[in-house]
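As structure tokens, the structure follows; a few thoughts come after it.
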């Protein structure tokens with residue numbers, strides 16, 4: 001292992017680093033600077049310290065958006081992992097027409113958020129949608145996603161789970177396939193079958209994959225924008241906003257770049273915090289390998 | 001043992017049916033309904049049996065010319081972003097696979113770290129800059145944004161695939177006097193096709209379906225198909241479900257067919273990308 005980086009390697013990673021640096025990293029730093037200033041379109045910035053953060057943290061709409069985000073993320077990610085795990089074990093136990101069924105499970109991955117909203121709105125259209133009628137048939141009240149904020153958020157969660165289940169499923173299923181069969185055979189000799197085999201063999205060995213899937217889904221679910229924007233638009237009366245929608249409205253509707261930037265940095269910090277343990281582990285591994 | 005196995009079979013069948021209903025029903029329903037007349041769309045009796053009509057597609061063609069223009073824009077943007085992302089990921093993936101140094105490790109870590117920054121955050125400073133550069137509402141801005149948001153994953157996936165190509169092959173080429181770029185072109189490029197396809201699947205699905213950046217950075221000239229469909233949802237309060245279904249179907253089917261065809265590469269890419277960071 002050489003300590004110096006060859007010139008050709010620098011040239012090869014150059015384009016990727018340049019793109020990521022100029023389009024993501026520098027703008028993100030600039031957002032931090034923006035968050036410490038009072039500014040808007042075509043207006044010079046003035047330094048205001050942490051005033052934007054104070055303003056955002058004192059805004060009830062911000063808290064509403066934060067609580068909504070946390071609830072939706074918690075529901076979406078955990079339900080997704082549970083269904084993903086169940087489906088992975090189901091597939092591993094042997095299913096008929098496996099390749100076709102696998103394609104079926106992956107299908108929602110191809111669907112855009114926009115089309116998914118069309119589908120689920122149609123299914124839950126009050127009175128006439130197929131699911132609305134089904135709910136009525138079994139005696140449940142209809143989902144009034146346009147009127148009741150809880151129902152709106154439930155629809156958003158359902159939609160997100162549907163769209164992203166293929167990702168969680170694949171990560172878990174790939175990990176399940178890499179568990180060698182001998183382990184189960186050895187376990188069976190020791191009397192570990194069924195639930196015991198799941199508790200003692202499957203679950204511990206799937207844990208790393210479950211954690212990785214959870215981490216990625218936490219981080220990506222936290223940015224949730226399109227589903228909410230297209231389903232409820234944050235309404236009625238700003239009750240179903242999530243963090244990204246709040247940020248968008250602050251910046252592009254109310255022209256409050258300072259508080260939008262402060263929200264943006266709070267979003268970045270939340271992502272970093274979520275990923276801290278993972279990043280530390282990764283950092284250690286990468287630099288140990290090199291040493 | 002006959003009885004429990006029959007029970008198991010029935011349970012499995014139910015499981016398969018549940019999976020089919022969950023994954024396919026929403027998709028099948030809008031594709032089917034796009035061929036229904038307005039009268040049949042919300043009718044109970046004609047849920048699955050109806051007289052198919054192309055009326056919705058004719059309406060889409062005559063009234064929403066914007067949508068087909070949007071499809072063309074989506075196609076151009078997807079093509080550009082895919083070529084750009086795959087090309088730079090191939091180069092960087094090769095470098096990370098074949099060279100190691102503290103600085104390179106640090107820059108690889110930086111690539112992973114960058115994935116934590118939410119796209120909406122960087123729209124704030126980019127919006128005025130893009131305006132100032134006169135790039136607002138152009139294909140270029142979307143191409144660069146889409147590619148950039150996938151080059152870190154792309155690089156990781158490419159490295160995983162290139163790691164599997166024996167180093168002896170590039171060493172042999174090097175002895176023959178080939179430069180780094182020649183090695184990539186003659187040795188790596190043909191052998192890393194699988195990895196490049198995996199990266200391409202990610203970028204194509206993302207760029208074809210993306211909403212947020214298109215919503216913020218385009219208005220008319222580079223407006224993509226999802227944006228036009230979103231406009232139709234906005235106008236749907238007066239209910240034009242049939243046309244909306246037709247548009248959704250046209251937007252969806254090509255990429256759905258593509259994902260099903262490329263299933264293997266998608267799975268390989270997802271696992272390589274997630275496990276390695």
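Any read-out appearing in this document is the output of simple, stated calculations on the displayed coordinates, not a laboratory observation. Small disclaimer: the values here were computed from a predicted structure and weren't measured. Here Cβ is always computed from backbone atoms with ideal geometry, including for glycine, and neighbour counts include all displayed protein chains.
The figures follow:
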| read-out | value |
| --- | --- |
| Distance from the range A:241-274 to the range B:203-236 (C-alpha centre basis), Å | 21 |
| Distance between the range A:16-85 and the range B:85-133 - C-alpha centres, whole angstrom | 19 |
| Between 0 and 90°, nearest 10: helix B:65-98 axis offset from chain B longest Cα axis | 30 |
| Fewest-first ranking of B:31, B:88, B:129, using other Cβ atoms within 10 Å as the exposure measure | B:129, B:31, B:88 |
| Fewest-first ranking of A:195, A:145, B:72, using other Cβ atoms within 10 Å as the exposure measure | A:195, B:72, A:145 |
| Percent of Cα pairs exceeding the 17 Å cut-off, where the set is the range B:177-277 | 66 |
| Overall Cα dimensions of the range B:9-79, principal axis frame, Å, largest first | 50, 36, 14 |
| Cα gyration tensor category, rounded, prolate or oblate, for the range A:150-196 with a/c compared to 1.5 | oblate |
| P(r) tail fraction, the range B:75-198 - alpha-carbon pairs more than 23 Å apart, % | 42 |
| Inter-chain Cβ neighbour average for residues A:124-132, partner chain, 10 Å | 2 |
| Helix B:263-275 axis, angle to chain B major axis (alpha carbon atoms, nearest 10°) | 60 |
| Projected-area mean, chain A, by convex hull of Cα positions, square nanometres | 22.5 |
| Helix-only [θ]222 nm of the protein assembly as shown, DSSP H runs n ≥ 4, -39500 (n - 2.57) each, per residue, nearest 500 | -23500 deg cm²/dmol |
| Extension gain from residue A:67 to residue A:127, taking 0.36 nm per residue of separation minus the Cα-Cα distance | 18.6 nm |
| Proxy reagent accessibility, fewest Cβ within 10 Å first, across A:62, A:90 | A:90, A:62 |
| Quarter of the Cα convex hull surface for the range A:36-163, i.e. its orientation-mean projected area (nm²) | 12.7 |
| Relative contact order of chain B, pairs being alpha-carbon contacts under 8 Å that are 6 or more residues apart, as % | 31 |
| Per-selection metrics, the range A:145-291 (Cα): Rg and Dmax in Å | 21.0, 68 |
| Hull volume in cubic angstrom per residue (convex hull over the Cα atoms of the protein assembly as shown) | 187 |
| Helix B:193-209 vs. chain B, principal-axis angle (Cα, 0 to 90°, nearest 10) | 40 |
| The range B:166-271: relative contact order in percent, alpha carbon pairs under 8 Å with at least 6 residues between | 34 |
| Over the range B:54-275: Rg over Rh, Cα atoms, Kirkwood Rh | 1.05 |
| Length-normalised contact order for chain A - Cα pairs under 8 Å, 6+ apart - percent | 29 |
